[in-house]
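Working notes for the structure below.
The values are calculated or read from the model by the stated rules, or taken from the named source; none is laboratory data. Owing to the predicted nature of the structure, the values given are computational and were not obtained by experimental measurement. Don't worry about glycine lacking a Cβ; one is built from the backbone with ideal geometry, like all the others, and counts go over all protein chains shown. Protein only, heavy atoms only, side chains kept; ligands, DNA and RNA dropped before computing areas. Shrake-Rupley method; radii C 1.70, N 1.55, O 1.52, S 1.80 Å.
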Amino acid sequence: MEVILPRLGVSAKEVPRGLSLEEFESMLAERIDTWNQRLLHEGQRQGLEQGLLRALKARFGTIDAATQKRIAAANGELLLHWFDRSAHAESLADVFRD
């Protein structure tokens, strides 16, 4: 297990002593499900980020670095909110107004 764990991103401290292979397999399956969900959500967020940037560039032209950083730091829900606003906003500032 000392060889396998680091490759899976699991530290030896996370695995209880005396864990059987069956128990380890179950633990690993749960961990993989969590990783898959995390990857799916991050992929969706990145897609929203790229879509928003593309829409803003098409509508308003070049997007400044500060706005790009703000978009990169936003969560998926906020990105969707801004994306919806971008369809009707008269200016880039209108997209991000509070």
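Things worth noting here:
- Of all the criteria given as (1) open to solvent by 60 Å² or more (accessible area, probe 1.4 Å); (2) without any contact (Cβ under 8 Å) to a residue 24 or more places away in the chain; (3) among the aromatic types (Phe, Trp, Tyr), the one not satisfied by Phe24 is (1).
- Complete set of residues in region 28-37 that are open to solvent by 50 Å² or more (accessible area, probe 1.4 Å), under 13 Å from Gly9 (Cα atoms) and not basic (Lys, Arg): Ile32, Thr34, Trp35
- Boolean, Arg45 is open to solvent by 90 Å² or more (accessible area, probe 1.4 Å) and modelled with pLDDT under 95: no
- Among residues of region 55-72 being of a type in the set (A, V, I, L, M, F, W, C) and surrounded by 14 or more Cβ atoms within 10 Å (Cβ to Cβ), the one that is farthest from the chain's Cα centre (by Cα) is Phe60.
- The set of residues from region 48-98 being among the acidic types (Asp, Glu) and farther than 23 Å from Arg38 by Cβ comprises Asp64, Asp84, Glu90, Asp94, Asp98.
- Region 73-96, residues that are under 16 Å from the mean Cα position of the chain (by Cα) and surrounded by fewer than 12 Cβ atoms within 10 Å (Cβ to Cβ): Ala73, Asn75, Glu77
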